[in-house]
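None of the figures in this text is laboratory data; all of them are computed from the coordinates on show. All figures in this text were calculated on a predicted structure; none of them were measured in a lab. Cβ atoms come from the backbone with ideal geometry, glycine included; neighbour counts cover every protein chain shown.
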Amino acid sequence: MEARNPVFTAGGKVVCEVQHPDLGWVPFTASDEDPEAHGRAIFAAIISGEFGQIAPYVPPPPPALTGADIDRERDRRVMDGLVVTVAGYGEVSLQGRDIDMRNLHGLATAAQLRIAGGAGATVTPFRDKANVIHELTQPQILDLWSQGAAFVSAVFQSAWALKDNPPIPADYADDTHWP
């Protein structure tokens with residue numbers, strides 16, 4: 001049997017073409033673990049150099065990065081959240097799940113109403129990402145919400161900048177590209 005164009009695969013097998021008596025040149029994968037004796041024999045002949053030099057395995061290029069890759073990284077960063085320093089209070093750990101953002105938005109709306117009604121000193125409990133309960137005044141709730149909203153906005157703007165300046169860099173997930 002004849003073989004031509006042998007090329008290693010990532011798994012150590014060899015793809016090639018073999019001369020079939022009835023079909024002519026057909027694709028074939030040769031392996032030293034082939035259950036058929038002729039497959040093992042073709043592999044041995046190829047490895048010995050009987051059919052020429054074997055081309056090395058060349059991995060395919062990575063798929064091109066897309067806006068969807070940027071969106072996944074953006075969403076991961078928003079979900080991870082951040083630690084903010086609330087004026088007159090200290091550090092509070094935020095996360096960006098949809099439910100967390102809705103809760104913080106609702107707390108901020110209620111804080112605005114309380115402040116407008118003269119009840120800005122009212123204390124509202126807030127459980128953070130680390131499961132710590134913080135007793136915050138209404139201006140502190142607004143500060144917390146404002147910093148969280150600014151962070152989400154900055155993450156979105158970073159994502160837009162990466163998408164709007166192709167090609168997307170291979171290190172797009174590096175912190176240097178994000179707030």
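Any residue at all in region 131-152 that is more than 30 Å from residue 62 (Cα to Cα) and assigned to a loop (DSSP other than H, G, I, E, B)?
Yes, the conditions are met somewhere in region 131-152.
Applying the selection to region 18-32, what residues are over 37 Å from the mean Cα position of the chain (by Cα) and more than 7 Å from residue 3 (Cβ to Cβ)?
Result: 19, 20, 21, 22, 23, 24, 25, 26, 32.
Could you list, in sequence order, the residues of region 43-90 that are without any contact (Cβ under 8 Å) to a residue 12 or more places away in the chain, among the hydrophobic types (A, V, I, L, M, F, W, C) and surrounded by 10 or more Cβ atoms within 10 Å (Cβ to Cβ)?
83
Picking from 125, 166, 139, which residue would you name as being surrounded by fewer than 15 Cβ atoms within 10 Å (Cβ to Cβ) and over 30 Å from residue 64 (Cα atoms)?
It is 125.
In region 153-176, what residues are over 14 Å from the mean Cα position of the chain (by Cα), in a helix (DSSP H, G or I) and not hydrophobic (A, V, I, L, M, F, W, C)?
Within region 153-176, 153, 157, 158, 163, 164, 176 meet the criteria.
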